[in-house]
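Everything on this sheet refers to the single structure shown next.
The values are calculated or read from the model by the stated rules, or taken from the named source; none is laboratory data. Model, not experiment: these values are computed from the prediction. All Cβ positions, glycine included, derive from the backbone under ideal geometry; neighbour counts span all protein chains shown. The protein model used for the area step is the full one, side chains on, heavy atoms only, and it has no ligands, DNA or RNA in it. Shrake-Rupley method; radii C 1.70, N 1.55, O 1.52, S 1.80 Å.
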Amino acid sequence: MKTGIIFLLLAAQIRVAAGQTMPEKDTGQPATTLSLQQCLDYASAHNQELLVKAQSADAATQDRKAAAAALLPDITITAAVNNYWKIPVQVFPGELVGRPPGTFVPVRMGTPWMGNYGAEASLLLVDVKTWQNIRLAKLQQQAANSEYHSLQRLLRKNVRMAYYSAQLQQDYLAVTQQLYSNYQQIHDLVLLQFNKGLTDKIAFNQSAALLKNRQLAVQQATASLQEAWLDLKFWMGFPPDSLLHTQSADPLPPLDIPNYNATQLPDYEAEQLKVSIAAQQYRHIQASLYPSLHLKGSYQQLGFGDQINFVTRSPWFTVGFAGVELRFPLSWSNISAKPRSMKAQWQASSSRFKQYEAAQEKKYRQEKLLLEKAAGDIQVLKENIALAQENETLSRQKINKGIIDMIQLKEIQQDLYDAEVKLNDARTDFFKHYTELNYLQHQ
């Protein structure tokens, strides 16, 4: 009888241990329960990588404005006071002052102190390169915005998958706890039969080991749920030490597979803009070969004196001009090497875009096949679980009658556990491929 009491206490300890889970770190605050949409909204506002990409897009906008500012007049205000401790010398022919031909007369030009102030202006009239640079900056701005939206879509996909994973792990934890509870009842029956002397110690030990395995499954499911929550917090930008729970798992969405459309791919616009930018860079280099026409003007006040007080005592002289300047750029690298290099890069970018389209269509078709397979697996596995649960009920009835076949019992428990694991994996695969397909088609 003492032996029976010891085994009853042992079973009770196993039951208590298996029922324990590993809760998230308690911060003294209640856990936050969020819906999927709330998680998506939170991630959009707090994910650091997305915030960095938004700042990069703002910088590209400013770069476009800076490129367009090249069309505005370039005005420079100048002011200077110079002390010539050696006054500049200009040489003139000697004939000007009655000296023999072939001689020269040095004349100092200026005074020890000279000053000037005024303004210079230059207005671009015609410059193909500047216009091409503006178009390039505009494309780069569009590319930065497109990359931001692409990252936003990728983030939403990751949050969705992490959210679904947390929901599935919550369900799976409940399943493992139920499996443990169910087998606890069977083990109690085995213990009862053992106390009556209808079974031996080997059978009891094997049953206790099965119960321990169910306990380990609960602990593993608990750890997996913690990992899923941590993953969700990471993508959301949620404080890792704060408590976060998700709502109960949603039912499987309908198997509504969107039709493939290349323009709906998440990075389609960004990849297409890479080709456009490469083409524009080639045109920008070509534009370096064209001349540019500038309208220029200057207004200056010049002052001279032997002392620094010339600023207020000596007269100032006005100098100014207005004119047109034509510039011809001549550079061997711009004429030959650079255009060829940029054209090759443009062609390579175009080829990469075609490869991108082909790879994404292949991925879409693969995800479609895997989603359909996961949906079929779920239905079959549900049927297998129903059969395994029926076998578990029948085995409990046999044990209650004193009929204990440990080999059969172990097989029944293993079949039920394997079916539950496979169902959880199949549901995870379903949501994974469902999320990926919708991500590929801009949903």
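Using the structure shown, decide if Thr111 is under 24 Å from Arg327 (Cβ atoms) and among the β-branched types (Val, Ile, Thr). Answer is no for this residue. Go through segment 395-415 and give me each residue that's aliphatic (A, V, I, L, M) and open to solvent by 80 Å² or more (accessible area, probe 1.4 Å). Once the filter is applied, which keeps residues that are aliphatic (A, V, I, L, M) and open to solvent by 80 Å² or more (accessible area, probe 1.4 Å), segment 395-415 yields Ile403, Ile407. List pairs: first in segment 64-92 and in contact (Cβ under 8 Å) with a residue 12 or more places away in the chain, second open to solvent by 80 Å² or more (accessible area, probe 1.4 Å) and among the hydroxyl-bearing types (Ser, Thr, Tyr), Cβ under 9 Å, 6+ apart or cross-chain? Cβ pairs passing all conditions: Ile77/Tyr117; Thr78/Tyr117; Ala79/Tyr117; Ala80/Tyr117. Of the residues Leu273, Leu295, the single one that is of a type in the set (A, V, I, L, M), on the phi < 0 side of the Ramachandran plot, open to solvent by 30 Å² or more (accessible area, probe 1.4 Å) and in contact (Cβ under 8 Å) with a residue 60 or more places away in the chain is Leu295.
Of the residues making up segment 127-174, those that are over 17 Å from Tyr434 (Cβ atoms) and β-branched (Val, Ile, Thr) are Val128, Thr130, Ile134.
Residue-by-condition table, conditions (1) under 43 Å from the mean Cα position of the chain (by Cα); (2) more than 29 Å from Gly110 (Cα to Cα):
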| site | (1), (2) |
| --- | --- |
| Ile285 | yes, yes |
| Tyr290 | yes, yes |
| Gly297 | no, no |
| Phe304 | no, no |
| Asn309 | no, no |
| Ser314 | no, no |
| Thr318 | no, no |
| Arg327 | no, yes |
| Leu330 | no, yes |
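Of all residues in segment 196-250, which are more than 30 Å from Gln152 (Cα to Cα), open to solvent by 20 Å² or more (accessible area, probe 1.4 Å) and of a type in the set (A, V, I, L, M)? Of everything in segment 196-250, those that are more than 30 Å from Gln152 (Cα to Cα), open to solvent by 20 Å² or more (accessible area, probe 1.4 Å) and of a type in the set (A, V, I, L, M) turn out to be Leu198, Ile202, Ala209, Leu216. Residues in segment 96-128 that are among the charged types (D, E, K, R) and surrounded by 15 or more Cβ atoms within 10 Å (Cβ to Cβ): 2 in all. Scanning segment 390-407 for residues that are part of a loop (DSSP other than H, G, I, E, B) and either in contact with a strand residue (DSSP E or B) (Cβ under 8 Å, 6 or more places away or on another chain) or farther than 16 Å from Lys196 by Cβ (or both) yields a count of 1. On the stretch given as segment 215-258, residues that are touching a residue at least 60 places away in the same chain (Cβ under 8 Å) and over 23 Å from Ala166 (Cβ atoms) total 2. Among the residues of segment 298-315, just one is part of a loop (DSSP other than H, G, I, E, B) and surrounded by 15 or more Cβ atoms within 10 Å (Cβ to Cβ), namely Ser314. Listed conditions (1) in contact with a Phe, Trp or Tyr (Cβ under 9 Å, 6 or more places away or on another chain); (2) at pLDDT below 90; (3) of a type outside the set (A, V, I, L, M) are all met by Arg396, apart from (1). You will find that of Arg135, Arg108, Arg153, the residue that is of a type in the set (Lys, Arg) and within 30 Å of Ile308 (Cα to Cα) is Arg108 and no other. In segment 34-55, the residues that are farther than 17 Å from Ala166 by Cα reach residues that are part of a helix (DSSP H, G or I) with C-beta atoms within less than 6 angstrom, at least six apart or across chains, in these pairs: Asn47/Leu155; Leu50/Leu151; Leu50/Leu155; Lys53/Tyr148; Lys53/Leu151; Ala54/Tyr148.
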